[in-house]
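For reference, the structure discussed in these notes is given below.
The values are calculated or read from the model by the stated rules, or taken from the named source; none is laboratory data. Since we're looking at a predicted model, the values are computed, not measured. Neighbour counts run over all protein chains shown; Cβ positions are idealised from the backbone, glycine included.
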Amino acid sequence: MQATETILYNRAGQRVVSPDYLLFEAPRTKHFMTGSEAVKEAVKRASVDASVSYPITPQSEAAHLIGELWVEGYVGVYFRGESEFGVMSEIAGCAMAGARCITTTSGPGTLRAMENFPMWAGTRIPVQLVLMARGINSPLSIQPDNLEVSFLLDTGCMIWYAETAQDLFDMILAGFVVAEQPDVHVPLITVVDGFFVSHTREAVMLPPDDIALPPYNPYRAPMPVIDAEVPPGRFLRDPFVMKSNYISYATHASWQWEVRAAIERSRPYAKHYLRGLVEHFGDPEADLVFVACGTASAQAKEAVRLLEDEGIPARVVKLKTIRPFPIEELREAVKGAKYIFVPEFNVVGWLEREVRRYLYGHSNAEIIGAPRVAGGMTMPAEVIVKEVLKLTGKEVKHVI
Amino acid sequence: MKRRRVNIRMPALGGQGAVTAAHIIATAADYEGYYAVSNPFFGAEKRMAPAESYARIGLEPIYDRGEVVYPDVIMVFHPQVITMGKSYTMPFYSGIKKNGLIIINSEEDLLNEEDKEYLESLNVKIFNFSATKFAIDIAGTELSTNMAMIGALFGIMGCVGLEAIEEGIKSRFLKKFVASGGTASLDSALERKFKKKLELIEKNLNTAKAAYELARRWAQEQGIEPFLPRPQEVVSK
């Protein structure tokens with residue numbers, strides 16, 4: 001008997017394909033575009049049901065471009081929120097009603113919406129937030145600076161960090177798949193550095209746009225979805241959660257553990273769809289290691305090239321995920337390291353803290369939280385090299 | 001000296017199209033087979049305020065992001081970058097590399113003796129030409145200044161040809177393109193002014209071509225070698 005093949009199409013008429021096919025197997029062609037445009041291309045292939053935007057300064061064009069997709073029929077619902085707080089609340093409503101959702105924000109907008117992020121995690125909605133990190137200093141900064149990420153580390157959301165527009169495109173698609181696994185089902189914040197990725201134009205390899213991810217199935221969620229039988233906010237309204245008694249305390253304590261456990265359970269899925277939680281660059285034997293994420297890892301890669309010219313072997317361990325933190329991968333990667341540099345685009349060195357925390361008792365390397373720039377500064381590779389030479393004291397022909 | 005990378009810094013004034021220029025430059029270089037990246041840097045946008053954008057062209061994948069602190073090429077889009085210090089760096093040529101190039105959109109020589117002495121010590125070549133006059137004469141609008149600057153750059157660099165420039169300009173005006181929120185509305189205003197998009201492209205192309213040829217001749221007179229070898233392997237995988 002001949003088997004019949006069922007071909008599924010999504011709302012936009014795109015052929016539904018498996019995430020593996022879309023991410024790894026579909027033929028790709030080269031396009032030249034900005035990080036914001038790469039967001040649009042990812043959303044176009046992600047069978048997205050809803051997006052809410054707020055036209056804040058600073059912003060990228062990403063939210064606007066998702067609006068164009070809605071006009072073209074690729075996104076089910078699209079509207080403008082009253083503020084960033086409104087956006088993040090409204091998108092939660094969409095997600096609780098069973099929609100696959102994505103939105104974007106940055107800098108002060110992120111902080112304004114802050115209360116919502118732990119709420120997203122607690123309600124177990126797999127919303128995706130593309131965060132194009134900008135400064136959060138007063139007076140208002142609109143330049144790249146990723147301090148805001150340190151505020152998000154313990155919200156119960158997964159945090160992934162993209163280095164390039166290509167990373168961002170692939171991560172957005174992989175992100176929906178991982179976040180929507182029934183045993184994960186927590187929100188995902190996909191971070192890129194504002195300007196350095198959002199506004200930078202580069203080559204991106206894209207699969208065809210007539211295929212897309214399978215639509216989200218909300219009935220696989222660990223929480224009841226709002227439908228004809230479940231009224232809005234049933235979970236939030238359950239009477240015991242706001243009482244002063246041990247059932248209430250235990251509920252809140254165990255649920256917070258559960259949200260974090262859910263992030264842990266995302267590891268095998270993230271490993272598969274991101275092809276590993278870390279990326280290696282440079283001389284695998286080098287005892288000088290840069291541990292970095294985002295643009296800092298891009299700059300460190302350039303520094304590795306310059307150091308190579310000077311006869312100093314070095315390598316980069318790029319962290320693709322921050323929550324979950326690639327603990328085992330990092331410990332394995334820095335075996336034999338003598339110096340670990342953590343270059344960062346913020347004043348506090350939140351990644352250095354994380355690296356120290358997870359390497360404590362696992363590495364004898366000297367960990368150096370440098371170089372560190374902030375407030376919108378660029379981190380030229382030459383500055384990284386200078387920092388290295390200061391420590392190693394090696395004589396070199398020239399730096400700049 | 002063999003370069004593997006050319007880093008270009010474009011100090012300009014808001015509204016001159018330096019962001020667009022960087023994107024066209026990178027698109028053209030990408031078309032020619034090089035690795036290329038462009039990015040702008042601006043604050044709250046306004047006309048006549050300093051704005052900078054950057055393009056990087058190379059023979060291997062480019063990771064470097066952000067402002068170009070050590071440029072091989074500086075393209076000064078407006079005399080005020082020099083005369084009024086409308087630049088992110090002071091002096092505007094800070095960080096320029098040995099054997100570098102500076103293109104200045106000005107009819108007059110704006111550099112003082114000290115500047116010249118320093119730049120000469122680094123063997124930096126200076127190409128003074130009025131891109132704005134080129135734009136007005138050929139395209140009929142000073143808005144095409146950036147096209148003349150692009151043409152001059154590639155004319156001197158000698159490794160990205162006219163076909164690639166044409167491709168870069170067409171991709172800017174024929175495809176959906178977003179430089180910034182304000183640019184979208186500017187685009188529709190421009191379209192009305194020029195009536196036809198193709199006419200606009202034609203004028204822009206002619207401006208770029210004329211500047212390319214002028215600069216090419218100058219580079220040959222100066223004995224300037226092509227800035228990069230031919231791309232060994234084309235990027236399209």
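B:ARG230: in contact with a helix residue (DSSP H, G or I) (Cβ under 6 Å, 6 or more places away or on another chain), at pLDDT 60 or above and within 27 Å of A:VAL204 (Cα to Cα), yes or no?
Answer is no for this residue.
Under 6 Å between Cβ atoms, at least 6 apart or on separate chains: pull out the pairs that start in the range A:363-385 with a residue that is facing chain B (nearest Cβ under 8 Å) and more than 16 Å from A:ASN346 (Cβ to Cβ) and end on any residue that is surrounded by 22 or more Cβ atoms within 10 Å (Cβ to Cβ) and of a type in the set (Gly, Ala, Ser).
These pairs meet every condition: A:ALA381/A:ALA303.
Return the residue satisfying two criteria in turn: it lies in the range A:1-38 and is β-branched (Val, Ile, Thr) and touching a residue at least 24 places away in the same chain (Cβ under 8 Å), and of such residues it is nearest to B:PRO40 (Cα to Cα).
For the range A:1-38, the residue satisfying everything is A:THR34.
Considering only the range A:179-204, state which residues are more than 14 Å from chain B (Cβ to nearest Cβ) and either touching an Asp or Glu at 6+ places or on another chain (Cβ under 7 Å) or within 23 Å of A:THR295 (Cβ to Cβ) (or both).
Across the range A:179-204, the qualifying residues are A:LEU188, A:ILE189, A:THR190, A:VAL191.
Of the residues in the range A:336-350, how many are in a loop (DSSP other than H, G, I, E, B) and at pLDDT 95 or above?
Qualifying residue count, the range A:336-350: 9.
I need the full set of residues from the range A:257-313 which are of a type in the set (S, T, N, Q) and part of a helix (DSSP H, G or I), in order please.
Hits for the range A:257-313 are A:THR295, A:SER297, A:GLN299.
Here is a list: A:GLY98, A:GLY109, A:GLY93. Which entry is among the small types (Gly, Ala, Ser) and not in a helix (DSSP H, G or I)?
A:GLY98
Is it the case, given these coordinates, that A:ILE384 is closer than 30 Å to B:ARG3 by Cβ and buried (at least 17 other Cβ atoms within 10 Å of the Cβ)?
yes
Can you find even one residue in the range A:146-157 that is modelled with pLDDT of 95 or more and within 14 Å of another protein chain (Cβ to nearest Cβ)?
Yes, the range A:146-157 contains at least one residue that is modelled with pLDDT of 95 or more and within 14 Å of another protein chain (Cβ to nearest Cβ).
Could we say that A:TYR360 is within 25 Å of A:LYS271 (Cα to Cα), at pLDDT 95 or above and away from every other protein chain (no Cβ under 14 Å) here?
yes
Going through the range A:281-293 one residue at a time, which ones are within 14 Å of another protein chain (Cβ to nearest Cβ) and either over 18 Å from A:ILE368 (Cα atoms) or among the hydroxyl-bearing types (Ser, Thr, Tyr) (or both)?
Matches in the range A:281-293: A:PHE281, A:GLY282.
Tell me the residue from B:LYS86, B:LYS116, B:LYS125, B:LYS98 that is basic (Lys, Arg) and farther than 24 Å from B:GLY151 by Cα, please.
Result of the check over B:LYS86, B:LYS116, B:LYS125, B:LYS98: B:LYS116.
Show the residue pairs that are 6+ apart or on different chains and have beta-carbon atoms under 8 Å apart, the first residue being within the range B:4-20 and on the phi > 0 side of the Ramachandran plot, the second being surrounded by fewer than 19 Cβ atoms within 10 Å (Cβ to Cβ).
Here the result reads B:GLY15/B:ARG47; B:GLY15/B:MET48, each pair linking the range B:4-20 to a residue that is surrounded by fewer than 19 Cβ atoms within 10 Å (Cβ to Cβ).
Is it the case that some residue within the range A:63-71 is under 22 Å from A:ILE159 (Cβ atoms), surrounded by fewer than 21 Cβ atoms within 10 Å (Cβ to Cβ) and of a type in the set (Phe, Trp, Tyr)?
no
Does at least one position in the range A:26-34 carry a residue that is surrounded by fewer than 17 Cβ atoms within 10 Å (Cβ to Cβ) and away from chain B (no Cβ under 12 Å)?
yes
Among the residues of the range B:24-66, what is the count of those that are of a type outside the set (Ser, Thr, Tyr), under 16 Å from A:MET205 (Cα atoms), more than 7 Å from chain A (Cβ to nearest Cβ) and part of a helix (DSSP H, G or I)?
Going through the range B:24-66 one residue at a time, the tally reaches 0.
Look through the range A:1-56, keep the residues that are outside any loop (DSSP other than H, G, I, E, B) and polar (S, T, N, Q), and return whichever of them is nearest to A:ILE142 (Cα to Cα).
This residue is A:SER36.
If you go through the range B:22-67 one residue at a time, how many are of a type in the set (Lys, Arg) and surrounded by fewer than 19 Cβ atoms within 10 Å (Cβ to Cβ)?
Total satisfying the criteria: 2.
Looking only at the range B:69-79, which residues are more than 8 Å from chain A (Cβ to nearest Cβ) and touching a residue at least 40 places away in the same chain (Cβ under 8 Å)?
B:PRO71, B:ASP72, B:VAL73, B:ILE74, B:MET75, B:VAL76, B:PHE77, B:HIS78
Would you confirm whether or not the range B:76-84 contains a residue that is in a helix (DSSP H, G or I), under 15 Å from the mean Cα position of the chain (by Cα), over 22 Å from A:ALA296 (Cα atoms) and not aliphatic (A, V, I, L, M)?
No; the residues of the range B:76-84 include none that is in a helix (DSSP H, G or I), under 15 Å from the mean Cα position of the chain (by Cα), over 22 Å from A:ALA296 (Cα atoms) and not aliphatic (A, V, I, L, M).
Return the residue satisfying two criteria in turn: it lies in the range A:81-104 and is within 18 Å of A:ASP227 (Cβ to Cβ) and of a type in the set (A, V, I, L, M), and of such residues it is surrounded by the fewest Cβ atoms within 10 Å (Cβ to Cβ).
Result: A:ALA97.
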